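Before we start, here is the structure in question, set down as structure tokens.
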Amino acid sequence: MKILANDGLSKSGIDALEKGGFEVLNVKVAQNQLENYINEHNIDALIVKSLTEVRDDLIDECPSLKLIAFAGVGMDTIDVDYAIDKGLHVINAPEASTVSVAEMVFAHLFGMVRFLHSANREMPLEGDSRFRELKKAYSEGTELRGKKLGIIGFGSIGQEVAKIAIGIGMEIIAIDEKIESESITLNFFNGQKINFNIDMSTKQELLKEADFITINIPEQDGYVIDAKEIEEMKDGVGIINTSRGSNLNEVALITAIENGKIQFAGLDVFENEPNPEIQLLMNPDLSLSPHIGAGTLEAEERVGLEIAKQIIELLR
């Protein structure tokens, strides 16, 4: 059987598939050439990430396909229900990048509270001529210890975010429509561990009380944070979105930053990917990254092995 890893796969994942008897084509095929390539090479399984779309028309025109794999968590670029209705297996690796995304939340958060997102822009330009002025401008940061972190979505990523927050002394305010309470375990380097029970709060309480808010849920129908939700937040709040760009109203965000309601925001995802709005890219109060929350070497290894394991079990 032939597998096309169109957006790449870790070497360990490819090795596992080849050991399992599969031929892996680790090449990048342009979206408009994908249908022809799949049919010409009689591809049985297609592995993609967010750079490749697998819509119903592609599924219809590629009868050799038996399985579609998303090498990560979200599957927004795949018409999942349609593929399943057509008898295809659709898989992903929902837990493999949990730690990576959670750490990205705090990469933005630590940087924002100490203005590193802005200082890193200014220092190369004016660090030699305005050092003292920059020092004064960026010396009014805040500590995270003792602050309240609002976590929207308490699945695997939200729980990992909570573990890091607890470790640095933050207070957790979490909401999740599917659960009322969750026990999480912090594991330490020397084998010790400690359990915490987190009771879910209300959305109103989270918006009112949180000093920082992080969005950690799949794509929703409509905005999770819109102008109405922003109005309910405390003044000077910080927001981090590493989930999906469509969960946060970017226009409302910019408006709130300009009027001082929101102090800063960290965005790893955007409504208009891969072409974020220029108003976002040029705003000095935004900490930005190009949808790399899950993009660590460790996560890639875990994703590759998990995808390979599922494919072998389903197709061999």
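Give the separation of the Cα centroids, the stretch 1-51 to the stretch 259-316, in Å.
22
Which of rounded, prolate or oblate describes the stretch 228-316 when judged by the alpha-carbon gyration tensor and an a/c cut-off of 1.5?
Prolate is the answer for the stretch 228-316, as a/c is 1.5 or above and a/b outweighs b/c.
Next question. Name the shape class, rounded, prolate or oblate, that the alpha-carbon gyration tensor gives for the stretch 55-205, where a ≥ b ≥ c are the square roots of its eigenvalues, rounded holds for a/c under 1.5, and otherwise prolate holds if a/b is larger than b/c and oblate otherwise.
oblate
A further question follows. Taking the stretch 197-229, which GluC sites (Glu not before Pro) meet the DSSP loop condition and have no more than 15 other C-beta atoms within 10 Å?
Those satisfying the criteria are E219.
Take I215, I168 and sort them by solvent-accessible surface of the protein heavy atoms, 1.4 Å probe, largest at the top.
From most exposed to least exposed: I168, I215.
Roughly what would the spin-label model give for N190 and E143, points 7 Å off Cα along C-beta, in nm?
2.3
For the stretch 157-198, report the convex hull volume of the alpha-carbon atoms normalised per residue, in Å³, without decimals.
71
Using only alpha carbon pairs under 8 Å that are at least six residues apart, calculate the relative contact order of the stretch 140-251 and give it in whole percent.
26
Determine the percent antiparallel among the DSSP beta bridges restricted to the chain, to the nearest 5.
So the antiparallel bridges in the chain amount to around 15 percent.
Pull up the cross-link candidates among the lysines for K309, meaning alpha carbon to alpha carbon under 21 Å and not fewer than 8 places away within one chain.
Hits, sequence-local ones excluded: K2, K11, K19, K49, K66.
To continue, here is another question. Rounded to the nearest 0.05, what FRET efficiency is calculated for E122 and D76 with R0 set to 30 Å and r the Cβ-Cβ distance?
My answer for the efficiency is 0.25.
Nearest 5 percent is fine: what portion of the DSSP beta bridges confined to the stretch 150-284 is antiparallel?
30
Kindly report the accessible area of the stretch 1-116 per residue (heavy atoms of protein chains, probe 1.4 Å, no ligands, DNA or RNA), in Å².
45
Against the longest alpha carbon principal axis of the chain, how many degrees, from 0 to 90 and to the nearest 10, is the axis of helix 98-113 turned?
For helix 98-113, the angle is close to 30 degrees.
Over the chain, with every protein chain in place, what whole percent of the accessible area is carbon and sulfur at 1.4 Å, could you tell me?
49
Round to the nearest 10 and report in Å² the accessible area of K11, as given by a 1.4 Å probe over the protein chains' heavy atoms.
Using a 1.4 Å probe on the heavy atoms, I get roughly 140 Å².
Sticking with this structure for a sec: Give the Cα extents of the chain along the principal axes, in whole Å, largest first.
62, 46, 40
Above 16 angstrom, tally the Cα pairs of the stretch 124-183 and express them as a % of all pairs, no decimals.
57
Pairs on different chains or at least eight residues apart, Cα atoms closer than 20 Å: how many lysine pairs in the stretch 143-212 fit?
The number of close lysine pairs in the stretch 143-212 is 9.
If R0 is 35 Å, what FRET efficiency do you get for T202 and K66 from their C-beta distance, rounded to 0.05?
0.20
The values are calculated or read from the model by the stated rules, or taken from the named source; none is laboratory data. Small disclaimer: the values here were computed from a predicted structure and weren't measured. Note: ideal-geometry Cβ built from the backbone for every residue, glycine included; neighbour counts use all protein chains shown. Protein only, heavy atoms only, side chains kept; ligands, DNA and RNA dropped before computing areas. Shrake-Rupley method; radii C 1.70, N 1.55, O 1.52, S 1.80 Å.
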